[in-house]
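Participant: Okay, handing you the structure first.
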Amino acid sequence: MENLLLWGFYLLTFYAFLPGFISRTFGFRVFKKGRAEQEIALTFDDGPDPVYTPMLLDLLQRFDAKATFFVVGANAERHPELLKRMKDEGHIVGIHNYVHKTNWLMRPSTVKKQIERTSEIIEAATGERPIYYRPPWGIVNLFDFSNMGYLQIILWSGMFGDWRNRVGAERLTKRMMKKLRPGEVLLLHDCGTTFGADHNAPVQMLAALEAYMTAGRERGYRFVAIDQLIALTDNACDKAVKREAAVSGKAKISMWKRAAISLWIGWEKCFRVMFKVERIGTGDSIFHYRICPYHGEPLKLADGRIIRNNDRVIELHFDNRKLLHVMMNSRSVLQSAIQLIREVEHSLPKLAVHMAGRKEFEGVSGLYGVSMIHRGSESFGFSVLDLPKGLFNLLTRFYLRLLLRVLHPGGGKRVTSKKGTLIPRIIAMSMDEFHKRYDPPTTPDRHWTRPPVELAPKPIRAYEADKAAGEVTP
């Protein structure tokens with residue numbers, strides 16, 4: 001019996017207690033407070049409520065304020081018209097599970113079903129798939145971090161006990177005023193039907209919120225949805241990294257950083273030798289490559305081609321020395337993005353020239369790689385696909401984030417500020433698409449041989465090439 005209790009304690013510790021502690025204390029994989037000059041994020045949980053949510057929306061409209069509503073799926077299912085109104089008035093609708101039950105007491109598969117069901121309800125009402133999630137009571141379990149790749153977990157920097165009547169509007173207002181400063185993420189409740197809450201508690205919340213927004217408006221503050229505060233925080237972090245790293249237009253590298261970079265470049269050389277990764281041409285390309293069999297689920301590409309398990313592919317690898325040079329010599333994230341785009345533009349035609357007439361490239365199905373630097377790559381002909389969940393996904397995330405910590409001038413700050421967007425994905429392109437785009441017009445006929453390839457149905461989604469420069473994330 002003692003051993004059983006001990007194992008139960010271990011399981012609860014690693015499944016629930018530690019993930020919750022780490023996420024709340026260190027902000028791991030969650031967003032809970034921003035960096036802004038005038039903006040505050042208002043968030044509301046547990047609704048929608050047919051009485052109090054319309055009153056809240058009216059109040060927000062009076063102050064030209066935007067907010068984020070984390071709705072309980074069962075309530076949203078009964079009042080889809082309120083979700084539509086939220087969307088129409090410029091607010092964001094996020095997920096708060098289908099029923100208000102802690103994730104500690106549910107299996108990972110149950111949590112996933114709750115999220116998916118609520119997501120479907122929100123999408124049906126608003127026409128948009130939600131991308132923000134707040135677990136009830138802010139409690140996450142070990143599998144939440146791996147099962148929610150497309151969702152950003154949002155916590156809070158201020159919670160005030162507004163779900164209880166006994167707090168009262170006056171005391172609630174005083175508590176909220178202590179958080180009247182830019183960057184705060186306020187947690188309030190527009191529904192009192194949750195277990196432990198008082199049914200009429202939102203009356204007190206609405207009175208306190210009106211006083212809070214009145215004081216905020218007098219100080220020149222704006223009340224925004226969570227996406228805007230996240231964007232402002234990312235920009236503020238980028239500027240801070242630039243200020244700290246820039247010395248005469250170049251990044252200052254600490255002794256520790258230099259040692260880490262040297263070790264990593266040395267490891268990369270060993271990797272290239274062990275796995276026969278080769279340079280392209282004279283070695284002035286941003287890419288290295290190797291020819292190898294692809295292992296995994298079939299990849300359905302944008303041009304209708306499919307890369308299947310055991311098909312031979314050209315596996316692309318960034319030359320991390322060149323990537324380091326781009327990052328260290330750029331004065332901003334945008335300049336890094338533009339420089340990286342230019343490098344890719346020059347490297348893909350060089351690969352086409354390098355391949356011309358070489359028999360080892362005959363029969364390959366396409367180009368393949370896994371990277372966190374994938375936004376905007378559709379404009380080069382690549383398809384961007386989700387990396388299947390599993391051990392390889394987790395190890396790849398760890399490896400690539402560690403690599404970014406080493407190579408990027410901002411190091412850990414960059415990883416922390418962009419943790420919600422630093423998600424590795426598969427980038428792949430069929431050989432037909434590659435040759436159509438990058439073969440030089442003077443290249444002689446090569447009698448190219450391709451393996452039989454099935455055509456997949458054409459996807460409806462169209463990619464916007466003009467967003468490439470703005471969306472590359474070093």
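Participant: Of these, Asp64, Asp58, which one is modelled with pLDDT of 95 or more, out of contact with any Pro (no Cβ under 7 Å at 6 or more places or on another chain) and at positive phi?
Facilitator: Asp64
Participant: Let me ask something additional. For the range 122-136, enumerate the residues that are outside any loop (DSSP other than H, G, I, E, B) and under 22 Å from the mean Cα position of the chain (by Cα). Walk me through it before giving the result.
Facilitator: Initially, the range 122-136 is screened for residues outside any loop (DSSP other than H, G, I, E, B), giving 122-126, 132-133, 136.
Listed by number, the residues that qualify are Ile122, Glu123, Thr126, Tyr132, Tyr133, Pro136.
Participant: On the given criteria, is Ala207 part of a helix (DSSP H, G or I) and either at pLDDT below 95 or on the phi < 0 side of the Ramachandran plot (or both)?
Facilitator: Details: part of a helix (DSSP H, G or I): yes; either at pLDDT below 95 or on the phi < 0 side of the Ramachandran plot (or both): yes.
Considered against the rule, which asks whether it is part of a helix (DSSP H, G or I) and either at pLDDT below 95 or on the phi < 0 side of the Ramachandran plot (or both), Ala207 comes out as yes.
Participant: I would also like to ask the following. List every residue pair whose Cβ atoms sit under 7 Å apart, with the two residues 6 or more apart in sequence or on different chains, where the first one lies in the range 168-191 and is outside the structural domain of Val72 (by TED's automatic domain parsing) and assigned to a helix (DSSP H, G or I) and the second, anywhere, is of a type outside the set (Ser, Thr, Tyr) and modelled with pLDDT under 95.
Facilitator: Note: no pairs meet the criteria.
Participant: Quick one: in the range 213-230, which of the residues that are crowded, with 17+ Cβ neighbours inside 10 Å and hydrophobic (A, V, I, L, M, F, W, C) is modelled with the lowest pLDDT?
Facilitator: Ile230
Participant: I would also like to ask the following. What residue, of Val99, Val93, Val111, is of a type in the set (Val, Ile, Thr) and in a loop (DSSP other than H, G, I, E, B)? Walk me through it before giving the result.
Facilitator: Working: Val93 fails: in a loop (DSSP other than H, G, I, E, B); Val111 fails: in a loop (DSSP other than H, G, I, E, B).
When all the criteria are applied, what remains is Val99.
Participant: Would you point out the residue of the range 66-115, among those that are of a type in the set (D, E, K, R) and closer than 24 Å to Ile139 by Cβ, that is farthest from the chain's Cα centre (by Cα)?
Facilitator: First pass over the range 66-115, keeping only residues of a type in the set (D, E, K, R): 66, 77-78, 81, 84-85, 87-89, 101, 107, 112-113.
Narrowing the set further to residues that are closer than 24 Å to Ile139 by Cβ leaves 77, 101, 107, 112-113.
On the way: Glu77: 27, Lys101: 25, Arg107: 24, Lys112: 18, Lys113: 21 Å.
Checking each candidate, the answer is Glu77.
Residues checked against (1) modelled with pLDDT under 95; (2) touching a Leu at 6+ places or on another chain (Cβ under 6 Å); (3) outside the structural domain of Val203 (by TED's automatic domain parsing); (4) not in a helix (DSSP H, G or I):
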residue: Tyr10; (1), (2), (3), (4): yes, no, no, no
residue: Arg35; (1), (2), (3), (4): yes, no, no, yes
residue: Leu83; (1), (2), (3), (4): no, no, no, no
residue: Met86; (1), (2), (3), (4): no, no, no, no
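Participant: Another question, if that's okay. Kindly list the number of the only condition in (1) over 16 Å from Arg437 (Cα atoms); (2) modelled with pLDDT of 80 or more; (3) of a type in the set (A, V, I, L, M) that fails for Val406.
Facilitator: All conditions pass for Val406, except number (2).
Participant: A further question follows. Is there any pair linking a residue in the range 195-216 that is without any contact (Cβ under 8 Å) to a residue 24 or more places away in the chain to one that is of a type in the set (Gly, Ala, Ser) and part of a loop (DSSP other than H, G, I, E, B), with Cβ under 9 Å and at least six apart or on different chains, and which?
Facilitator: From residues that are without any contact (Cβ under 8 Å) to a residue 24 or more places away in the chain, the pairs are His199/Gly192.
Participant: Is it the case that Met213 is touching a strand residue (DSSP E or B) at 6+ places or on another chain (Cβ under 6 Å) and part of a helix (DSSP H, G or I)?
Facilitator: Working: touching a strand residue (DSSP E or B) at 6+ places or on another chain (Cβ under 6 Å): no; part of a helix (DSSP H, G or I): yes.
So Met213 does not fit the description; no.
Participant: Continuing with the same structure: Report, by residue number, each residue of the range 160-174 that is touching a Lys or Arg at 6+ places or on another chain (Cβ under 9 Å) and surrounded by 16 or more Cβ atoms within 10 Å (Cβ to Cβ).
Facilitator: The initial filter retains those residues of the range 160-174 that are touching a Lys or Arg at 6+ places or on another chain (Cβ under 9 Å), namely 160-162, 167.
Of everything in the range 160-174, those that are touching a Lys or Arg at 6+ places or on another chain (Cβ under 9 Å) and surrounded by 16 or more Cβ atoms within 10 Å (Cβ to Cβ) turn out to be Phe160, Asp162, Val167.
Participant: For Thr118, all conditions in the list (1) under 14 Å from Leu188 (Cα atoms); (2) crowded, with 17+ Cβ neighbours inside 10 Å hold save one; what is the number of the exception?
Facilitator: Checking Thr118 against (1) under 14 Å from Leu188 (Cα atoms); (2) crowded, with 17+ Cβ neighbours inside 10 Å, the one that fails is (1).
Participant: In the range 153-167, how many are assigned to a loop (DSSP other than H, G, I, E, B) and in contact with a strand residue (DSSP E or B) (Cβ under 8 Å, 6 or more places away or on another chain)? Spell out how you get there, then give the answer.
Facilitator: Taking the range 153-167 as the starting set, the residues that turn out to be assigned to a loop (DSSP other than H, G, I, E, B) are 155-157, 160-164.
Applying the additional criterion that residues be in contact with a strand residue (DSSP E or B) (Cβ under 8 Å, 6 or more places away or on another chain) yields 155-157, 160, 162-163.
Final tally of qualifying residues: 6.
Participant: Then there's this: Please verify whether Asn103 is buried (at least 21 other Cβ atoms within 10 Å of the Cβ), out of contact with any helix residue (DSSP H, G or I) (no Cβ under 8 Å at 6 or more places or on another chain) and touching a residue at least 40 places away in the same chain (Cβ under 8 Å), treating the condition exactly as stated.
Facilitator: Working: buried (at least 21 other Cβ atoms within 10 Å of the Cβ): yes; out of contact with any helix residue (DSSP H, G or I) (no Cβ under 8 Å at 6 or more places or on another chain): no; touching a residue at least 40 places away in the same chain (Cβ under 8 Å): yes.
The answer is no for Asn103.
Rundown of residues vs (1) within 16 Å of Ile373 (Cα to Cα); (2) surrounded by 15 or more Cβ atoms within 10 Å (Cβ to Cβ); (3) modelled with pLDDT under 85, yes/no style:
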position	(1), (2), (3)
Val277	no, yes, no
Tyr294	no, yes, no
Glu297	no, no, no
Asn309	no, no, no
His317	yes, yes, no
Arg331	no, no, yes
Gln339	yes, yes, yes
Gly357	no, no, yes
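Participant: Mind listing whichever residues of the range 37-56 are hydrophobic (A, V, I, L, M, F, W, C), surrounded by fewer than 21 Cβ atoms within 10 Å (Cβ to Cβ) and either not assigned by TED's automatic domain parsing to the domain that holds Phe223 or not in a loop (DSSP other than H, G, I, E, B) (or both)? Step through it out loud before you land on a result.
Facilitator: Taking the range 37-56 as the starting set, the residues that turn out to be hydrophobic (A, V, I, L, M, F, W, C) are 40-42, 44, 51, 55-56.
Next cut, surrounded by fewer than 21 Cβ atoms within 10 Å (Cβ to Cβ) only: 51, 55.
Answer for the range 37-56, where residues must be hydrophobic (A, V, I, L, M, F, W, C), surrounded by fewer than 21 Cβ atoms within 10 Å (Cβ to Cβ) and either not assigned by TED's automatic domain parsing to the domain that holds Phe223 or not in a loop (DSSP other than H, G, I, E, B) (or both): just Met55.
Let's see how each residue does on (1) out of contact with any strand residue (DSSP E or B) (no Cβ under 9 Å at 6 or more places or on another chain); (2) modelled with pLDDT of 95 or more; (3) within 25 Å of Leu229 (Cα to Cα); (4) not assigned by TED's automatic domain parsing to the domain that holds Asp386:
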position: Ile92; (1), (2), (3), (4): no, yes, yes, yes
position: Leu105; (1), (2), (3), (4): yes, no, no, yes
position: Val111; (1), (2), (3), (4): yes, no, no, yes
position: Ile115; (1), (2), (3), (4): no, no, yes, yes
position: Arg134; (1), (2), (3), (4): no, no, yes, yes
position: Ile139; (1), (2), (3), (4): yes, no, yes, yes
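Participant: I would also like to ask the following. Filter the range 378-398 for residues that are modelled with pLDDT of 80 or more and part of a helix (DSSP H, G or I); which is nearest to Phe318 (Cα to Cα)?
Facilitator: Phe380
The values are calculated or read from the model by the stated rules, or taken from the named source; none is laboratory data. The structure displayed is predicted, hence computed values, not measured ones. Heads up, the Cβs are rebuilt from the backbone with ideal geometry, glycines too, and the neighbour counts pull from every protein chain shown.
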